[in-house]
Amino acid sequence: MNRRSFLLNTGLSLLGTSQLSKWIKHLDFDANALEEMKITKIETVRFNPDLQVDGRGIQWMWVRLHTDSGLIGTGETYPFNEASEAAIKDLQWHSWAGKLLGRNPLEIEQTWERIFRQNAFHVFGGAEMRALSAINLAQWDILGQAAGMPVYQMLGGSLDKSIRVYNTYTNARNINGWTLENDMEKIATFLVEQGIPAIKFCPFDGVGNRNKGEYISRREIDTCLDWIRRIQDTVGDQLDIGCEFHSLWNLPSAMRIAEALEPFNILFLEDILLQDNMQAYASLAQHTSIPLVISERLATRFDFREMLESKAGSIAMYDLTWCGGISEGKKISDMANTYYVPTMMHTAGGPILWYASLHLAAAITNLFFVESVYPNWKNRYPYFFSNVPTVDQGFAKPPDLPGLGLQLREGLFESDDVIVTTIGEL
């Protein structure tokens, strides 16, 4: 069955009549129409500060690129949304190289390079890189819609790819109100019952925040290790354990912690040091057999090049709404693959990050895990989208729909929850 037949046969149930006709129309774009397509309006979408979904506020922002073809691409980034919105305004109105209005949204590589070089000339990173990441996601969304193909397929991926996820657990992102301190056994049992093979949490953060990462005692280490023991005593080896450290520690403390964790067969240690000194990470890597994960705080392939060349980490982890978008995430993964280094994806942000990460995960060949947060995809994201990808027995799939496959919840943009700002319009 070709994609036109697929949409005709199944689209009514998936999209509704009005949306279906839009998709079918765009399957008939000719080459000239694609070459001449232009961005006609740029919007940011933020959310009512009082909006609470599943007990938490909304930290992400969307970027929408409108085109003269009628297609709209949507990207995302987070947090510090005022700064990211200001960066998009600067791109359009103050930088000749970064202008988007009137440009063809399908010129993805040229757009990325043009904006990156302009930003790098004035020190790249931060809000500018978050803005570029959101723009890139929106462009890929448009490209897939114009072609009538899902982004994973545009990248050469497969819907049959097994996308393995672990679950990140914090007391702010909890299941049934369970806390790590009081309900570790319930949490571990629940995840195993769901078929999720691994958990990531932060057993050393309390001490790290209290001691400013300067020192950890033997007694403090043993207290933190009790969290690990409780999981393994409850479910044995049915649940692998990854530890997140939020870059709190100095090198001697990190070495001491890693040594204490060796007997527990830990899956990985994530961001135990700040990401700005790869030689320090290389020293830690020589000190422990536990794989080191570095880091969603790195942006672009240029940052990851240093990590790979210095043998500082065993796993490359990036966030598509921070690192430069889908284009850059694919390049980072491919580059890491030449070192036989696997890839992980950080997805603790908004729903479009979750969609985009699954599309890219379906297309790379060195996937280790994609992060998932059970309360996000189960409870929070469905407030915004009607077809949120779920996790089934530890695996997830992207939607098999054009572009990123985003299906907005009916009435969302007519509600008071959404704040739309026009950045520029032709």
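The values are calculated or read from the model by the stated rules, or taken from the named source; none is laboratory data. Just so it is clear, the model here is predicted, and its values are computed rather than measured. Don't worry about glycine lacking a Cβ; one is built from the backbone with ideal geometry, like all the others, and counts go over all protein chains shown.
Worth a mention:
- Picking from residues in region 156-167 that are crowded, with 21+ Cβ neighbours inside 10 Å and not small (Gly, Ala, Ser), the one that is nearest to Leu143 (Cα to Cα) is Ile163.
- Every residue from region 249-277 that is farther than 14 Å from Ser217 by Cα, crowded, with 23+ Cβ neighbours inside 10 Å and of a type in the set (A, V, I, L, M, F, W, C): Phe268, Leu269, Ile272, Leu273
- In region 404-420, the residues that are closer than 30 Å to Asp160 by Cβ, in contact (Cβ under 8 Å) with a residue 40 or more places away in the chain and among the hydrophobic types (A, V, I, L, M, F, W, C): Leu404, Leu406
- Under the condition of being of a type outside the set (Phe, Trp, Tyr) and without any contact (Cβ under 8 Å) to a residue 40 or more places away in the chain, the residues counted in region 320-342 number 11.
- Residue in region 95-103 that is farther than 16 Å from Arg64 by Cβ, touching a residue at least 60 places away in the same chain (Cβ under 8 Å) and over 24 Å from the mean Cα position of the chain (by Cα) present: yes
- Residues satisfying the stated conditions in region 43-58, i.e. of a type in the set (Ser, Thr, Tyr) and either free of Cβ contacts under 8 Å to residues at least 40 places away in the same chain or not assigned by TED's automatic domain parsing to the domain that holds Gly75 (or both): none
- Candidate set: region 92-111, residues that are touching a strand residue (DSSP E or B) at 6+ places or on another chain (Cβ under 9 Å) and outside any loop (DSSP other than H, G, I, E, B); chosen: the one nearest to Leu401 (Cα to Cα): Gln92
- Checking Gln153 against (1) in a helix (DSSP H, G or I); (2) modelled with pLDDT under 95, the condition it does not meet: (2)
- Leu401 vs. criteria in contact (Cβ under 8 Å) with a residue 40 or more places away in the chain and either surrounded by 13 or more Cβ atoms within 10 Å (Cβ to Cβ) or of a type in the set (Ser, Thr, Tyr) (or both): yes
- Yes/no for Ile58 being at pLDDT 95 or above, under 22 Å from Leu143 (Cβ atoms), aliphatic (A, V, I, L, M) and surrounded by 14 or more Cβ atoms within 10 Å (Cβ to Cβ): no
- If you filter region 176-216 down to residues that are under 21 Å from Asp54 (Cβ atoms) and β-branched (Val, Ile, Thr), you find that the one that is surrounded by the fewest Cβ atoms within 10 Å (Cβ to Cβ) is Thr179.
- Output for region 360-412, where each listed residue is polar (S, T, N, Q), farther than 18 Å from Gly242 by Cβ and touching a Ser or Thr at 6+ places or on another chain (Cβ under 7 Å): Gln407
- Among the conditions (1) closer than 25 Å to Gly57 by Cα; (2) surrounded by fewer than 22 Cβ atoms within 10 Å (Cβ to Cβ); (3) at pLDDT 95 or above; (4) not assigned by TED's automatic domain parsing to the domain that holds Lys38, Pro351 misses just one, which is (2).
- Residue match in region 150-161 (condition: in the same structural domain as Pro389 (by TED's automatic domain parsing), in contact (Cβ under 8 Å) with a residue 12 or more places away in the chain and of a type in the set (Lys, Arg)): yes
- Listed by first and then second residue, the pairs with beta-carbon distance under 7 Å, at least 6 apart or on different chains, first residue in region 216-235 and among the aromatic types (Phe, Trp, Tyr), second outside any helix (DSSP H, G or I), are Trp227/Pro203.
- From Ile294, Ile290, Ile315, Ile332, residue being buried (at least 20 other Cβ atoms within 10 Å of the Cβ) and under 24 Å from Glu113 (Cβ atoms): Ile332
- The lone criterion from (1) in contact (Cβ under 8 Å) with a residue 40 or more places away in the chain; (2) farther than 24 Å from Leu298 by Cα left unmet by Asn167 is number (2).
- Among the residues examined, Tyr166 does not qualify as hydroxyl-bearing (Ser, Thr, Tyr), outside any strand (DSSP E or B), at pLDDT 95 or above and assigned by TED's automatic domain parsing to the domain that holds Ile241.
- Those residues of region 74-86 which are part of a helix (DSSP H, G or I), surrounded by fewer than 24 Cβ atoms within 10 Å (Cβ to Cβ) and either touching a residue at least 12 places away in the same chain (Cβ under 8 Å) or in contact with a Pro (Cβ under 9 Å, 6 or more places away or on another chain) (or both), in sequence order: Asn81, Ala83, Glu85, Ala86
- Residue within region 395-413 that is touching a His at 6+ places or on another chain (Cβ under 7 Å), among the hydrophobic types (A, V, I, L, M, F, W, C) and within 16 Å of Trp62 (Cβ to Cβ) present: yes
- Residue in region 250-264 that is among the hydrophobic types (A, V, I, L, M, F, W, C), within 19 Å of the chain's Cα centre (by Cα) and either farther than 25 Å from Gln59 by Cα or not assigned by TED's automatic domain parsing to the domain that holds Tyr383 (or both) present: no
- Residue within region 91-112 that is surrounded by 15 or more Cβ atoms within 10 Å (Cβ to Cβ) and closer than 16 Å to Arg301 by Cα present: yes
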